[in-house]
């Protein structure tokens with residue numbers, strides 16, 4: 001089964017194509033495997049020099065690149081529209097007008113090609129593609145992206161959120177800090193690079209039970225910038241503090257749920273220092289740490305395609321739900 005997945009919740013417009021059998025074999029062949037294989041994963045990301053995401057500009061970006069991204073994905077996968085079984089799309093959560101922009105694009109493609117639409121949860125897609133890639137059974141998930149920062153486990157086929165941010169996601173906090181420091185958008189990679197040359201200064205450490213909070217840390221950073229603190233020290237300290245907060249709460253979740261596997265997903269998972277700290281925590285408790293490759297860490301269409309395959313019997317054209325939580329899946 002060939003699934004085309006479209007991602008358009010925020011700054012990324014992506015088209016991914018997945019083969020649910022894992023290899024191209026004749027239909028009905030005994031060689032067919034159960035795990036998926038990514039055939040193509042093409043995306044374009046909106047960026048800006050001195051501001052964050054402006055919804056109108058993001059929508060214009062997606063509309064401008066959509067057809068080109070689609071053509072490149074089909075060429076890379078070496079498949080035609082005739083071979084595509086259905087189109088999966090990210091129905092939410094995300095930026096409402098941007099979600100609708102993506103929905104209208106896939107609705108047009110589905111109508112033109114006579115394909116069925118399957119709307120899926122963007123957050124659940126991050127979890128399922130990481131689980132598929134690493135061939136895991138039932139890990140503890142740490143999902144850290146722009147808007148989302150959650151510790152998740154699966155119980156009886158339903159996701160349960162053990163802890164989450166009480167205000168803004170870590171990715172958004174890093175991007176807001178990037179604007180304060182004049183780093184442009186997205187700021188995460190630039191913060192990671194500056195942090196390599198910094199030293200530690202004390203910042204608020206905000207853990208409340210199983211939840212975290214990042215807005216106060218951002219406020220403190222703004223105050224330090226006004227006092228003339230250098231960028232390198234601030235970036236280093238933000239990473240060390242925020243990553244340690246998440247390592248603490250996810251370790252507690254693993255202990256409570258008797259989990260020996262941790263899977264990190266979401267765009268912030270591309271940060272090497274973050275992965276290093278989580279790897280160290282897992283080693284100390286005799287657990288195993290897993291992540292996804294760089295091209296699957298951020299938002300992209302392959303994860304939407306795979307989640308669509310998993311939800312093909314229960315979902316359909318559900319339009320858009322900008323506030324769709326992971327534990328509602």
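Key figures for this structure:
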| quantity | calculated |
| --- | --- |
| Efficiency of FRET from Cβ geometry, residue 37 and residue 113, R₀ 25 Å, rounded to 0.05 | 0.65 |
| Nearest 10 degrees, 0 to 90: helix 272-284 Cα axis against the chain principal axis | 80 degrees |
| Label-point separation in nm, residue 199 to residue 313, each point 7 Å along Cα→Cβ | 6.1 nm |
| Residue 71/residue 49 FRET efficiency (R0 41 Å; Cβ-Cβ; nearest 0.05) | 0.90 |
| Rounded, prolate or oblate (a/c below 1.5 giving rounded, otherwise prolate when a/b exceeds b/c) for the range 80-183 by Cα gyration tensor | oblate |
| Computed lengthening from residue 207 to residue 160, 0.36 nm per intervening residue step minus Cα-Cα distance | 15.0 nm |
| Peptide ranges 257-268, 2-13 listed from the most packed, as the mean C-beta count within 10 angstrom indicates | 2-13, 257-268 |
| Relative packing of 236-248, 48-60, 299-311, 270-282, which averages over residues the other C-beta atoms within 10 Å, highest first | 299-311, 236-248, 270-282, 48-60 |
| Rg over Rh [alpha-carbon atoms, Kirkwood Rh] for the range 157-275 | 0.98 |
| Acute angle (nearest 10 degrees) that the helix 55-77 long axis makes with the longest principal axis of the chain, alpha-carbon atoms | 50 degrees |
| Span from the the range 148-221 Cα centroid across to the the range 280-305 one, whole angstrom | 17 Å |
| Tilt relative to the chain, helix 122-134 - C-alpha long axis, 0 to 90 degrees, to 10 | 80 degrees |
| Sum of -39500 (n - 2.57) over DSSP H runs of 4+, divided by residues of the chain (222 nm, nearest 500) | -13500 deg cm²/dmol |
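A short reminder: the numbers here are calculations on the coordinates, not readings from a lab. Keep in mind the model is a prediction, meaning the values are calculated, not measured. FYI the Cβ positions are ideal-geometry reconstructions off the backbone, even for glycines, and counts take in every protein chain you see.
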